[in-house]
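The values are calculated or read from the model by the stated rules, or taken from the named source; none is laboratory data. None of these values were measured; they are calculated from a predicted model. Backbone-built Cβ (ideal geometry, glycine too); neighbour counts: all protein chains shown.
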Amino acid sequence: MVFDVVSFLAGVAAGALTAGLAGFLHGLERMADVQERLRLATKQAEQLRSMFSAPAGDPSDSHKVDALQHELDEIHEEIKRMYKRTAR
C-alpha cells in the first residue's frame with residue numbers, strides 16, 4: 001500500500017516535470033520560429049534596400065525601407081531580450 005502511494009506520487013511528479021519541460025521547449029521553439037521569420041524579412045528588406053538605392057529610385061521608397069529595417073531591428077532586439085529572460 002505504501003509502495004503504491006509512493007510510486008503514484010513519483011509518477012505525478014515525473015509527469016509534472018515532463019509537462020513543464022515540454023512547455024519550456026515549446027516556448028523556445030516558437031521564439032526560434034519568430035526569429036527565423038524575422039531573419040527572412042530582414043533579408044528581403046536588404047534586397048529592397050539594394051533595389052531602391054539606385055539613383056533613379058524614389059527617395060520616399062528608400063525612407064520606407066529604412067523605416068522597415070529599423071522596425072525589424074527593434075523586433076530582433078525584443079527577441080534577444082526574450083531569450084535572456086528565459087535563460088535566467
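Data table
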read-out: Near pairs, Cβ below 8 angstrom, 6+ apart or cross-chain, from the range 9-25 (assigned to a helix (DSSP H, G or I)) to any residue that is surrounded by 10 or more Cβ atoms within 10 Å (Cβ to Cβ); value: PHE24/THR86
read-out: Count of residues meeting criterion [of a type in the set (A, V, I, L, M, F, W, C), exposed (fewer than 11 other Cβ atoms within 10 Å of the Cβ) and modelled with pLDDT of 80 or more] in the range 35-66; value: 1
read-out: Pair list, Cβ < 6 Å and 6+ apart or interchain, from the range 27-44 residues that are closer than 12 Å to HIS76 by Cβ to residues that are β-branched (Val, Ile, Thr); value: GLN35/ILE79; LEU38/ILE75
